Each structure stands twice: as C-alpha cells, then as structure tokens.
There are 2 protein chains.
Amino acid sequence: MVVKIRDVAAAAGVSVGTASRVLSGHPATSESSRRRVTEAASALGYRLNAQARSLRKPHADTLGLLVSDIRNPFFADIAQSAERQALAAGLATLLGNANESTEQQDHYLDLLYSHRVAGMIVAPQGDGGGSLGELLALGVPIVFVDRTIDGVDVPSVTSDNGAGVAAAVSHLADLGHRRVGIVAGPPQTSTGRERLDAYRAAVAECGLDSDPELVATGDFQADSGARGAAALLDLPDAPTAILAADSLMTFGVLDVLRERGIAVGRDLSVIGYDDVAAYRWLRPALTVITHDPARMGSLAVDIILDILAGRPASSVVLESALVVRESTGPAA
Amino acid sequence: MVVKIRDVAAAAGVSVGTASRVLSGHPATSESSRRRVTEAASALGYRLNAQARSLRKPHADTLGLLVSDIRNPFFADIAQSAERQALAAGLATLLGNANESTEQQDHYLDLLYSHRVAGMIVAPQGDGGGSLGELLALGVPIVFVDRTIDGVDVPSVTSDNGAGVAAAVSHLADLGHRRVGIVAGPPQTSTGRERLDAYRAAVAECGLDSDPELVATGDFQADSGARGAAALLDLPDAPTAILAADSLMTFGVLDVLRERGIAVGRDLSVIGYDDVAAYRWLRPALTVITHDPARMGSLAVDIILDILAGRPASSVVLESALVVRESTGPAA
DNA sequence: CTGAAAGCGCTTACAG
DNA sequence: CTGAAAGCGCTTACAG
C-alpha cells in the first residue's frame, strides 16, 4: 500500500538503482531519467523511507540534542537555534530532556545512539563515565553546549562564566557591598562550579567577606533559589547583595524577597543570570549576567557539521557580560 | 568495529535468531540462551541499531511532535509533558518547530513521516491540505493538540476556549467596562478564531460595545501584541480593558502600557492568556484565562497510544477558566 | 549513464 | 525452544 522506490522505478520504466540515483540527487543520471522518475514519484506520492536509507549509510540524517531542562528558557533558546541550524543542513533534531539527571541523560544518550544520529549536542552532566564515555569511545561526534566535563576532551561551546561573575562581584564591591551571597549551581555541573569559583576568586580579589556561609547551593531550579535566598537572609549577618547562578534560581530568589517585603535594589541588591525574555517585565529591572544561548546552539551545530565533514573542530568560548539595570544599588 | 547482533550470537554460541529473540524479550527463549546472550551482549557492549529494527517493523519507536513555537512557554510545557509520557511508553520524541508557518509545518510533517514515526502530535495550521492531508490519507496516527482544523476529522486535545473568554468578558462587564478591546490570534488557527468568536458572542451577550475597531489581530508573537495594543489605545474612543489571546501577545500588550505610563488595573484593565510561569513575577498580578498545557501533552500521547493499540480514540476538551488577580478593576 | 546484485542489521514466519 | 532463511527499502560498488 505504501509506495516504495521499486514502484517508482517501475512506473518510470527504469531500474531501482536509477530511480535511487535520481531521487537522491546523484549526478550520474540522464535528463530523461530524471524527468521520468521525478514525475512518477510525485504522481505516486512517493515518500522516502529514511530508516532504510540510513541503514545503508554510516548514520541517519538526524541530530541528537540533549538539554537539561527544556522548560528552562535558556535551553529552549539553545534548542530553537540548534534545531533551525540543523534543519538548514538537512538534519532533523531528536530532542531529549535529561531533566538534570545523569541517569536520564544516559538513557537518552543510548536512545540517540541506537537511532544512529549523525551527531549529538549535549549539555552534559556527571563525570564522563557511563554511556557518555562509551559513546565517546565509539567515536560518536559529540559536542558539549553550555557545560563541559573535566578531563573529557570534546569540542564545546560555552560561555566565559568567569568574566561575567567577576564583573558582577566587582560591580557590587564598587557599590560598597562587603557581604555578597551567592546561590550557586549544582557542583555536578561545570557551570555550577565555574561560577562559584569565579565568585570566590572575585570576592578575594575585591577584598570582600569570604565567609563560607555566604554560599548557598541550588540545583538550577526555582525552588532551590528560594531556599538558598531564605538561608542567606536568615544568616545572623545576612548579605547585602545576592547573586544567583541561573535564571530559574533567580526567580526563586526574587520570590523570597517579595514575600519578605524586601525592596530589591534598595534593601538588597540582586544580580540574576541568563538574560531570558521573562526578565523583561521585572520591576525594578534586573541587573544580570548575560550570554548568548541562540549563538551557542547554532555554533554547536556548526561544530558537528565540521566534524562530519572532516574539518578540524575547535571549541569556542563565548563572551559573558554584566548588564547593569536597577536591581543593584549602594549597600544599605 | 561496531558490535552487531551477529557478533553477540557468535560469542554466545547461538544463532542470530535466538540472539534477537533474547534481546527483544521474545518469550520463546531458554534460560540458558537468555543468560549467555545477555552476558555476551554486555561483554561486547552491544547496542541495538534502531534503524534496522524499525525497517522490519511497521514503524519506528519514535513519536513526532510538531509545535508552533518551542520558545513559547505554553508549547514548551506541552513538549515537556508529551516527551515524558512518550518516553514512559518507550517512544523517543522527534521534535519539530513549525514556527507558525504552514510551509515549515509541511516540511516537518514530511520529515517525520520519512522517519516512520509511530504517531504524530501536532499543533496544526492551515486548511488540512498539503502534507497534512496526504499523511492523514495514508492513515498515519495523528492527534492535534491545542488547535484543530475545521473539517479534518482527527482526535484532538484542546481547551474550551469559549468558556474562558466568556468568563473574562463577563468579568469585565461586571466591573462596568463597556468597551473591551481584544488582541486576537491569527485567523489561520482554530484557537485564534475560537477565542475571537467567543469574545464577540460574549460582548453581544453582555450588551457591550461591539465596535469592530475594538478587534486587533496579532500572530501570537509579542510584537504583534504590542502593535495591537497601540492600535487599540490610539482609537478616538479607546477601550477601557484589553484581552490578549496568548501569553506572548499579552507581554507585548504590557510593554506598550508600560511605555505609555498607563497603570494596569487602574487606568486600564488587562486580561492575559495562558497562565505561564513568567507571569508569576508581574505586578500588578495578572488576571488570566488559564488552561493546562502539561495535561494536553500527556493526553495527546495517550491518544496516540490508544490508536496504536487499536483502542478507540476520542478527542478531549479540557477546561479553561478565568483567574482573577489584580490587573482588572472597575472601568475608569 | 544504467542495470543487476549485494548488502546494511535486524526480525520473524517456517520447520523441526 | 532453536536455526536457517527470507526480507524490510534502500544505496552503491561493479560492469558494461
């Protein structure tokens, strides 16, 4: 019932091989075959079976994309631009949502491999063992986005986390803050660690209080931002400024401040992370550390394409910057 | 170099058929084969080639998901829950982003079909012709989410748009508003049309001004919400309340009000659509028409599973309700 | 430029 | 319960 290439070939009066060559754009075809096959295909409503094709090819015309949380606008932006860029290169995107879980990451990695994707873009987690290590050993083209894993030599597209955080802390120091709190990301992620390290380095650099109690650890979800902020505010000697390490936790922090009636920018300074669209309607406008998820996504695809084409693939580190708006002010 | 089932069979000392049966959980296997094959497979690091498997099966173990805009939080929620539900049923999700374009929708539809997905969940657009019509004719299991197409008989999971809009208009009427503006969605979408129709019916029902100038048409993107609000506000006899037909346009409307220094809830009442997480930080808190994208996504997957299992599949219409918060007040 | 044929890695009747 | 074999729908050397 479903039309296959042999039906097209029969209708066009050519061999299956010739039909295949015409349909896949092989140059060695005559004008007349091309016409007849094309006509037969559209008359019969022929639709290629991508499964069958990719069984003969080293890989399918799909790209695996594994993000940590598709509902996080930062990753939605990465996904959107990666998908667009992949599509332009003729690759369909298989999307996985690791949900900040190493197990689920491994599950998806296996799944993507079993579909013989041409390459995978992943915002990784864990220590580079498990399925990730196995796939790497198999030579599957993988590029990391946003995050990396220590000791795992894979091309990546990341942001210069240090620069943004350093600028943020120094901005706060200039405003007279001495005790700056941070709601850090999970230590299992490179971004969580790098942002925290940069915070510590900048705090030392600027001569601020380096009290370990000023560090709360979250998991990149809103609730943990709220818990972290609450813990910091409940300190006997609470910070006068709080920095959050991603957008969801930033929202959690803001929730707590509102509940407690603390005036952002006046009573307490706040610096958010990831300049997501949803920040746009916050008042006072949020001072943030910003980077470029859309560019991350498209560059990651470019690197996969480089690898597939045998071109040298190199990692890129994108800029990160502080955008000062209204949520930071002089220390109370 | 890559381990295939024949290698596993050889290592286990059984035939390829037996290895296949063990690996795919066929009941007709002996305890001893099961042990030997399982051990051989894990010792060799065998990974199934899903392409090859699905070539022998009626379809792949994948589900196609075609949303209108992955960066729209409403669709991100649908995607998240659909993916989770599909995964639980052993289906990987192939995600497409139609980007509110009928052409791109058709492109993805073709792509998904070429990958022989088990079924497709789509937030549709257009008139039911093109690739959509062809796939339907081929008997591909398709279910619509959020939107439908007139005259196309496909199971769907939608919201009762009429109920929410009616409640919203009536709420405004109760507050004394006579001129209620709407930034409607694109007439190419069922949700765009239904919400507008419900608005018109409710306006008539409540005896409000039915001036056609009170209707601005947007495209479900923020910018069009801003343009629509500006047009409404520039009317010689401007509305005292504005209703927006989706979340992105709601944000656009709010932008314009802020630019113009109009106090939401006092100078002008605003009712938004889709109770997305980003609304949570708006002040004054937004009165909205709410429905349940996560449930939409998982129910849509359930329907696909019903179809695949040969069970009767029926459409479901979810509730939609008005949540009154602070952005609506007495007519000025 | 074209056809005949082998083969991609699996699954599944068919016998036994 | 098991093996041998056919076949899923394509692509691609190999000859010509």
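The values are calculated or read from the model by the stated rules, or taken from the named source; none is laboratory data. Values in this document were obtained by computation on a predicted structure and should not be read as measured data. Positions of Cβ are generated from backbone atoms using ideal geometry, with glycine treated the same way; all protein chains shown enter the neighbour counts. SASA here: full protein model, heavy atoms, side chains in, ligands and nucleic acids out. Shrake-Rupley method; radii C 1.70, N 1.55, O 1.52, S 1.80 Å.
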- prompt: On average, how many beta carbons from a partner chain sit within 10 Å of the beta carbon of a residue in B:250-261?
  reply: 1
query: Taking every residue in A:266-279, how many Cβ atoms of other protein chains lie within 10 Å of its Cβ, on average?
result: 1
- prompt: Which residues' amide hydrogens lie under 5 Å from the amide hydrogen of B:Ser156, considering only partners 5 or more residues apart or on another chain, with H built in the peptide plane?
  reply: B:Phe144, B:Ser315, B:Val316
Per-residue ³J(HN,Hα) for the stretch A:208-221, Karplus 6.51 cos²θ - 1.76 cosθ + 1.60, θ = phi - 60°, Hz, x for Gly and Pro: 8, 4, 10, 3, x, 5, 7, 9, 10, 10, x, 10, 6, 10
- prompt: Got a sec? What order do B:Ser224, A:Ser32 fall in by accessible area at 1.4 Å, biggest, i.e. largest, first?
  reply: A:Ser32, B:Ser224
query: Using the per-residue mean of other Cβ atoms lying within 10 Å as a proxy for protection, in what order, highest first, do the peptides A:47-55, B:260-268, B:167-175 fall?
result: B:167-175, A:47-55, B:260-268
Position B:Glu213, label points 7 Å along Cα→Cβ, spacing to each other copy in nm (shortest first, one decimal): 6.4
task: For the stretch A:5-48, list log₁₀ I(q)/I(0) at each q in 0.21, 0.26, 0.34 Å⁻¹, using the Debye formula over Cα point scatterers of equal strength and ignoring solvent, two decimals each.
output: -0.51, -0.80, -1.37
- request: Express the Stokes-Einstein translational diffusion coefficient of the protein assembly as shown in µm² s⁻¹, to the nearest whole number, given a Kirkwood radius over alpha-carbon pairs, 10 °C and a viscosity of 1.306 mPa s.
  value: 58 µm²/s
- request: Quick one: which residues, 5+ away or cross-chain, put their amide H under 5 Å from the amide H of B:Gly119? H built at 1.01 Å from N.
  value: B:Gly64
query: Using θ = phi - 60° and the Karplus curve 6.51 cos²θ - 1.76 cosθ + 1.60, what whole-Hz ³J(HN,Hα) does each residue of the stretch B:140-147 get, with Gly and Pro shown as x?
result: 5, x, 10, 10, 8, 10, 6, 10
statement: Taking protein heavy atoms only, a 1.4 Å probe, and rounding to whole percent, the accessible area of the stretch A:84-205 owed to carbon and sulfur comes out at 47 percent
message: Let me spell out the model: positive unit charges on the Cβ of Lys and Arg, negative unit charges on the Cβ of Asp and Glu, origin at the Cα centre of the stretch A:5-48. What dipole size does that give, in debye rounded to 20?
response: 60 debye
field: About the Cα centre, charge dipole magnitude for the protein assembly as shown (Lys/Arg +1, Asp/Glu -1 at Cβ), debye
entry: 2360 debye
message: Just to be sure I understand: if you take the accessible area of chain A alone plus chain B alone and subtract the pair, with a 1.4 Å probe, what total do you get in Å², rounded to 100?
response: 4800 Å²
- prompt: Considering amide H positions built from the backbone, and no H for Pro or chain starts, which residues 5 or more places from A:Thr217, or on another chain, come under 5 Å of its amide H?
  reply: A:Ala184
query: What does the average come to when, for each residue of peptide B:280-288, you count the partner chain Cβ atoms lying within 10 Å of its Cβ?
result: 3
statement: Square roots of five times the C-alpha gyration tensor eigenvalues of the stretch A:1-157, ordered largest first and given in whole Å, equal 39, 15, 13
statement: Quick numbers on the stretch A:161-291, Rg and Dmax over C-alpha atoms in Å, give 12.9, 35
log₁₀ of I(q)/I(0) at q = 0.08, 0.10, 0.16 Å⁻¹ - chain A, Debye sum with one point per alpha carbon: -0.47, -0.65, -1.22
task: Give the peptides B:63-69, B:185-191 in descending order of average Cβ contacts within 10 Å, highest first.
output: B:63-69, B:185-191
query: If we count every other residue with Cβ under 11 angstrom of A:Leu299's Cβ, Lys/Arg +1 and Asp/Glu -1, where does the sum land?
result: -2
query: If the label for A:Arg35 sits 7 angstrom from Cα along the Cα-to-Cβ line, what are its distances to the same label in every other copy, in nm to one decimal, shortest first?
result: 6.9
query: Where in the stretch B:166-254 are there GluC sites (Glu not before Pro) that are in a DSSP coil and have at most 13 other Cβ atoms within 10 angstrom of their Cβ?
result: none
message: Need the C-alpha centroid separation for the stretch B:258-293 versus the stretch B:232-253, integer Å.
response: 11 Å
- prompt: B:Asp197 label points, 7 Å along Cα→Cβ, one per copy: pairwise distances from this copy to the rest in nm, shortest first?
  reply: 6.0
